[in-house]
1. Could you please find all residues in segment 225-262 being assigned to a loop (DSSP other than H, G, I, E, B) and charged (D, E, K, R)?
2. Somewhere in segment 192-214, is a residue at pLDDT 95 or above, in a loop (DSSP other than H, G, I, E, B) and among the aromatic types (Phe, Trp, Tyr)?
3. Pairs only if they're at least six apart or on different chains, beta carbon under 7 angstrom, first in segment 242-255 and among the hydroxyl-bearing types (Ser, Thr, Tyr), second surrounded by 12 or more Cβ atoms within 10 Å (Cβ to Cβ) and not in a loop (DSSP other than H, G, I, E, B); list them, first residue then second.
4. Val310 - would you say it is at pLDDT below 80 and either open to solvent by less than 20 Å² (accessible area, probe 1.4 Å) or of a type in the set (Val, Ile, Thr) (or both)?
5. Among residues belonging to segment 27-45 that are under 11 Å from His297 (Cα atoms) and not in a helix (DSSP H, G or I), point out the one that is modelled with the lowest pLDDT.
6. Given the options Leu176, Leu185, name the one that is over 18 Å from Val135 (Cα atoms), buried (at least 23 other Cβ atoms within 10 Å of the Cβ) and in contact (Cβ under 8 Å) with a residue 60 or more places away in the chain.
Amino acid sequence: MDGLGGGPKRGAPWKRMSKEELENQYSPSRWVVRLGAEEALRTYSQIGNEAGPEVPQVHLPHFIGEEVTKRAQATGRNLLDVPYGDGEAEKLDIYFPEAVSEALPFLVFFHGGYWQSGSKDSSAFMVSPLTAQGVAVVIVAYDIAPKGTLDQMVDQVTQSIVFVQKQYPGNQGIYLCGHSAGAHLAAMMLLANWTEHGVTPNLKGFFLVSGIYDLEPVMHTSENAPLLTTLEDAQRNSPQWRLKTAPTQPVDPACRILVTVGQHDSPEFHRQSREFYQTLRRGGWKASFEELHDVDHFEILWNLTQKDYVLTQVGRVPSPWTERVLP
């Protein structure tokens, strides 16, 4: 099979793929196991009225949506549309537990959507289990493509974290979580120059869920149409490429990183996650890798709502996930 560019290529596996296969590998909806591709995309942004603890997991693979967020907002223990910058999209929502205190752990979430869709207004699905355990949850909005560029998105995510640290300097730790494109944006914070912003956030952990860490393959798919990413853009905004070419030492050696991928994610998503984990380990980061059984790219988010799941344990000190999952 001829690779991209018209002839066989060596190196990364994706370079030996045809454009059709590469498109398939980077289209998560084509790899769902319980819904068709079209239904997966449609239901990913919707919520069924059946959402609740009595409903089996298999019936709730794509429950993320506006209804869950509305329920979280209705609690009243929140601050909505808080500006973290001057831009129209530079806003975030903060959800607090019952006992509001500055000395709380904060989980900051960045939504996915291939940098061109998704919203904070349909991403508050993990709020209830986290606030129930004393964790404040921050959902961040950013300018998606084509309005926003990758450089701009990375800068906005950086600003949002600076804002949280300055607003709540007595926090018990800031944990970053992102899904898909959001995992990429969270991972870019490993490379941030906090000195330029006059504050070093109290980062304690990263939860990277089914992410993309090398953007060069995406350049050769239809997903790049609204992004217009050049090779220079891709390298500058690829944590995998940057950590391999110019390793960055951890600011806090105790900060831990969990890289996860769904069993039914595509082989390319598996390769990206595992190779990024390996790069982190070689660079001295406290990283761990976990493949989540029997979930696809969308279903993996279900775990964020489970009270006994690793991602909902950040409020305990010491956190079980730091002891059990990240040895």
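1. Scanning segment 225-262 gives a single hit, Asp252.
2. Yes, some residue in segment 192-214 is at pLDDT 95 or above, in a loop (DSSP other than H, G, I, E, B) and among the aromatic types (Phe, Trp, Tyr).
3. From segment 242-255, the pairs are Thr248/Leu190; Thr248/Leu191.
4. Answer is yes for this residue.
5. The residue in question is Val33.
6. Leu185
Conditions (1) of a type outside the set (A, V, I, L, M); (2) open to solvent by 10 Å² or more (accessible area, probe 1.4 Å); (3) touching a strand residue (DSSP E or B) at 6+ places or on another chain (Cβ under 8 Å); (4) at pLDDT below 95, marked per residue:
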| residue | (1), (2), (3), (4) |
| --- | --- |
| Pro217 | yes, no, no, no |
| Pro250 | yes, yes, yes, yes |
| His264 | yes, yes, no, yes |
| Arg271 | yes, yes, no, no |
| Tyr277 | yes, yes, yes, no |
| Arg282 | yes, yes, no, yes |
| Lys286 | yes, yes, yes, yes |
| Val295 | no, no, yes, yes |
| Phe298 | yes, yes, no, yes |
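The values are calculated or read from the model by the stated rules, or taken from the named source; none is laboratory data. Worth saying up front: this structure is predicted, and the values here are computed from it rather than measured. With ideal geometry, Cβ positions are generated from the backbone for all residues, glycine too; neighbour counts draw on all protein chains shown. Ligands, DNA and RNA are stripped out before the accessible areas are found, and what is left, the full protein with its side chains, is counted by its heavy atoms. Shrake-Rupley method; radii C 1.70, N 1.55, O 1.52, S 1.80 Å.
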